Amino acid sequence: MTTLPGSPWLERRGAGLWFDGCELGALAREFGTPLYVYSRRAMLAALAGYQRALAGREHLICYAMKANSSLAVLQTFARAGCGFDIVSVGELERVIAAGGDPGKTVFSGVGKTPAAMRRALQAGVRCFNVESERELEVLSGVAQSLGVTAPVSLRVNPDVDAGTHPYISTGLRGNKFGIAHERAVGVYRRAAALPGLRVEGIDCHIGSQITQVEPYLDALDRVLDLVEAVEAAGIPLHHVDLGGGLGITYTDETPPATEGFVTRLLQRIDERGHGHRTVMFEPGRSLVGNAGVLLAEVLYLKPSTGEGGRNFCIVDAAMNDLVRPAMYEAWMRIEPCHLRADTPTQDWDVVGPVCESGDWLGRDRALAVQPGDMLAVLSAGAYGMTMASNYNSRGRAAELMVDDGRASLIREREDARSLFALERLLPAG
């Protein structure tokens, strides 16, 4: 028995690939492919690192549900005591449908509409992470129209380079997110003066798939400088929200262990004299990324026909199911669900059936495969299903949750009728 990189729940037993007590090849044959499979135990184990570090301190862990918003995933974290970080009113409705507590939910995002603000106020969200001065003014008006007070935190942009992919960097001056560090005190004064608002805290999020603690410490120092300046202006701040973004292992990344990472940030907070404040985190990928795999069936093998050609392994999963490789050129490990001894290993580009040259899941992968074999794309629990589409009129994949040998279907596969259920033909004539 051999454990594979990324998750202690993913292991090779003989020739078979097993995930949290379930043989993946058997699941693929029973439920069909493409198929997302998530491990409940892997999610809770990832969460436990945050919980241990924060034990005994006033805190709130808000799962950043944009990473994976399936109801059973949200239910898992809600039952474990988590709140949620949302960026749309649709995500709020998912929290409620999954049994989550709006009162433990923070509403982030640069483009909140008045209608979304109204629904969030009616639901009783814990806090709005506000990202512009104009948003403050709109929220003030909506709150007054409802006769309520909106709790607010300003998301500040510390201009710290997190050293990650530019598409998922959020803490630099050139990013669209947050309020510039040098303007923050003035905007806090404006927030405190507006009717219908109540200043609660400060928020910062510098990016995603971050594998070093130093950018966080740099951002934290800048945030705490602002806390001191804002309170010197007479505006108390009750919580510090440090966002999320801690990375996972896809290939050779070595992110810090969660418990040690959080402990270092808490130590810096204490050293600066802010240990009395509620601390909030918004982890996403680090909770679910290595807790999921995508299963696909090999449809055809298309070997190279000459010098400079490539070997193509065509599978039934595509960029509409998992867009990360096409969008970010992300490297994700691909493993056969059953090792073959009767087929030579070759380098293959694993590609899907979508009509785009960018439709690939992995390039130059050493695989011994034949048509009908099942492959597993590892570390697919984050930004897989949430970014899936119906491009080429392809139904989205089914989803399973496994838990110590038990498998539950948590989302049915989309059929053709579901693809156009909301569409209407033109009237006759």
**Prompt:** What's the Cα-based Rg to Rh of the range 184-308, Rh via Kirkwood?
**Reply:** 1.21
**Message:** Sort Asp349, Asp225 by Cβ crowding within 10 Å, fewest neighbours at the top.
**Reply:** Asp225, Asp349
**Fill in**
Under the rule rounded for a/c under 1.5, else prolate if a/b exceeds b/c, else oblate, using alpha carbon gyration tensor axes a ≥ b ≥ c, the range 355-427 is classed as oblate
**Asked** Can you give the Rg to Rh ratio of the range 184-223, both from alpha-carbon atoms, with Rh computed by the Kirkwood formula?
**Response** 1.14
**Request:** Would you mind giving the average projected area, over all directions, of the Cα convex hull of the range 108-283 in nm² with one decimal?
**Result:** 10.1 nm²
**Item:** Degrees between helix 184-193 axis and first principal axis of the chain (Cα, 0 to 90, nearest 10)
**Value:** 60 degrees
**Prompt:** Quick one: which of 308-321, 112-125 comes out on top by average Cβ neighbours within 10 Å, and what's the full order, highest first?
**Reply:** 308-321, 112-125
**Fill in**
Ranked on Cβ counts within 10 Å of their own Cβ, fewest leading, Tyr300, Tyr391, Tyr383 go Tyr300, Tyr391, Tyr383
**Asked** Which of the aspartates and glutamates could be linked to Lys302 by a straight reach, that is with a Cα gap under 18 Å, when you skip same-chain ones fewer than 8 residues away?
**Response** Asp316, Asp347, Asp349, Glu356, Asp359, Asp364, Asp373
**Prompt:** Tilt of helix 40-54 relative to the longest C-alpha principal axis of the chain, in degrees (0 to 90, nearest 10)?
**Reply:** 30 degrees
**Message:** Checking the a/c ratio against 1.5 first, then a/b against b/c, what shape does the Cα gyration tensor give for the range 1-104?
**Reply:** oblate
**Separation of alpha-carbon centers, the range 256-292 and the range 68-143, rounded to whole Å** = 21 Å
**Prompt:** Antiparallel as a % of all DSSP beta bridges within the chain, to the nearest 5?
**Reply:** 50 percent
**Message:** Taking the 0 to 90 degree range and rounding to the nearest ten, how far is the long axis of helix 214-232 tilted relative to the main principal axis of the chain, both from C-alpha atoms?
**Reply:** 20 degrees
**Request:** Per DSSP H run of n ≥ 4, the term is -39500 (n - 2.57); total these for the chain, divide by its residue number, and report the mean residue ellipticity at 222 nm rounded to 500 deg cm²/dmol.
**Result:** -8500 deg cm²/dmol
**Shape call, the range 38-87: gyration tensor on alpha carbons, a/c limit 1.5** = oblate
**Prompt:** Once you wrap a convex hull around the alpha carbon atoms of the range 272-429, what is its projected area averaged over all directions, in nm²?
**Reply:** 17.6 nm²
**Asked** For Lys112, which aspartates and glutamates qualify as cross-link partners when the Cα separation must be under 16 Å and same-chain residues fewer than eight apart are set aside?
**Response** Asp85, Glu91, Glu93, Glu131, Glu133, Glu135, Glu137
**Fill in**
Compactness check, the chain: C-alpha Rg relative to the 2.2 N^0.38 Å globular estimate gives 1.05
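Just so you know, all these numbers are worked out from the coordinates, no wet-lab data involved. Model, not experiment: these values are computed from the prediction. When we count neighbours, we look across all protein chains shown, and the Cβ atoms used for this are built from the backbone with ideal geometry, even at glycine.
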